[in-house]
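Here is the structure we will look at, set down as structure tokens.
The values are calculated or read from the model by the stated rules, or taken from the named source; none is laboratory data. The structure presented is a predicted model; accordingly, all values stated were derived computationally and were not measured. A quick note on method: Cβ atoms are made from the backbone with ideal geometry, for glycine too, and the neighbour counts reach across all protein chains shown.
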Amino acid sequence: MEQEQTSGGPPDLLVVEDNTLHARLVLTMLSEAWGDEAPVRHVKRLESALDAIVESAPDCVLLDLVLPDADGLEAVDALLLHAAHVPIVVLSAHKDDHLALRAVRRGAQDYLVKGTVTADALARSVQLAIQRHHAENRVAPGQSPDPQPTPAATGDTAEGPTAVAILDNEGAVVFAEEDAADMLGLPLAEVIGVPLVAMCHPADMDRWRVAIEKEDEDLEEVIVRVVHPSGAEFRLGITLEPLSNGHNPRAAFLAMFQHHSDEGTASSGAYAVVSGWGDE
């Protein structure tokens with residue numbers, strides 16, 4: 001049965017799948033759901049997917065986690081890093097509740113198992129993914145897309161204890177104290193490998209990337225909204241100081257994390273190191 005899009009037509013979809021049989025299965029289900037005229041593109045590599053999104057952003061990406069140039073959740077991370085404006089539905093060959101939870105926590109809208117999902121269920125998942133993503137990024141008329149007011153304008157305050165974590169030079173956690181994991185709302189074992197950008201509110205991801213990529217060495221606080229796994233949001237102030245390993249002057253960042261709140265109340269912060277100084 002063909003599904004009707006709330007926008008009046010079928011969505012523009014990008015299928016990222018290198019297995020020919022699996023790709024044929026997905027494309028057949030999409031054809032059953034929306035007909036042969038539905039705008040569906042198919043690529044086999046993550047790099048090709050990123051190129052396709054730059055050329056023309058789809059309404060949703062259907063992503064396999066095992067690709068020739070990406071394995072596991074790194075494909076999700078890469079899409080979020082380079083195309084946070086596009087919702088992702090993971091299509092995996094494996095029923096893995098732990099992996100599914102991690103994928104959704106990192107930013108995927110859904111996790112489906114190929115071979116067990118029907119055409120109607122796939123179409124419904126795509127529609128909900130698009131609607132949820134739009135709702136998460138909706139800006140009210142007249143409101144700036146930049147959600148961060150200055151502390152002076154809002155009474156924003158920051159204080160509290162600190163905790164230590166180590167992130168790689170792209171911002172993924174490689175070590176964390178339990179206090180830091182608790183602050184992020186994840187068990188310690190599940191924090192490892194999580195990129196901080198994936199926990200930022202979509203509208204704040206670019207702010208964090210700019211802070212990491214800045215060339216100057218001045219200490220400067222950046223405030224981003226972090227999305228707790230429960231769905232709650234909190235404002236986190238991060239002060240970065242570049243560290244050198246002798247080969248790269250920005251191989252690491254010493255980062256002071258502190259919660260910010262609008263009403264003069266604040267909760268705990270975390271003290272982190274964004275690192276990579278051991279690498280040549």
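So which of Thr20, Thr116 ends up being modelled with pLDDT of 90 or more and exposed (fewer than 14 other Cβ atoms within 10 Å of the Cβ)? Spell out the reasoning first.
On the way: Thr116 fails: modelled with pLDDT of 90 or more.
That would be Thr20, the only listed residue that is modelled with pLDDT of 90 or more and exposed (fewer than 14 other Cβ atoms within 10 Å of the Cβ).
Suppose we filter Glu32, Glu37, Glu47 for residues that are part of a loop (DSSP other than H, G, I, E, B) and among the charged types (D, E, K, R); which single one remains?
The conditions single out Glu37.
Go over the candidates Val126, Val76, Val90 one by one and state the one that is in a helix (DSSP H, G or I), more than 22 Å from Ala203 (Cβ to Cβ), in contact with a strand residue (DSSP E or B) (Cβ under 7 Å, 6 or more places away or on another chain) and of a type outside the set (Ser, Thr, Tyr).
None of the others qualify; the one that does is Val126.
Could you check the range 93-111 and list, in sequence order, the residues that are within 28 Å of Asp204 (Cβ to Cβ) and either basic (Lys, Arg) or not in a loop (DSSP other than H, G, I, E, B) (or both)?
His98, Leu99, Ala100, Leu101, Arg102, Ala103, Val104, Arg105, Arg106, Asp110, Tyr111
Six or more apart or on different chains, Cβ atoms under 8 Å: show the pairs whose first residue is in the range 204-218 and within 13 Å of Leu236 (Cα to Cα) and whose second is at pLDDT 85 or above and part of a loop (DSSP other than H, G, I, E, B).
Cβ pairs passing all conditions: Met205/Ala84.
Let's see how each residue does on (1) crowded, with 21+ Cβ neighbours inside 10 Å; (2) under 20 Å from Asp12 (Cα atoms):
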| site | (1), (2) |
| --- | --- |
| Asp36 | no, yes |
| Leu73 | yes, no |
| Ser92 | no, no |
| Gln109 | yes, yes |
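Return the residues of the range 174-183 that are at pLDDT 75 or above and either assigned to a loop (DSSP other than H, G, I, E, B) or under 15 Å from the mean Cα position of the chain (by Cα) (or both); say none if nothing qualifies.
Of everything in the range 174-183, nothing turns out to be at pLDDT 75 or above and either assigned to a loop (DSSP other than H, G, I, E, B) or under 15 Å from the mean Cα position of the chain (by Cα) (or both).
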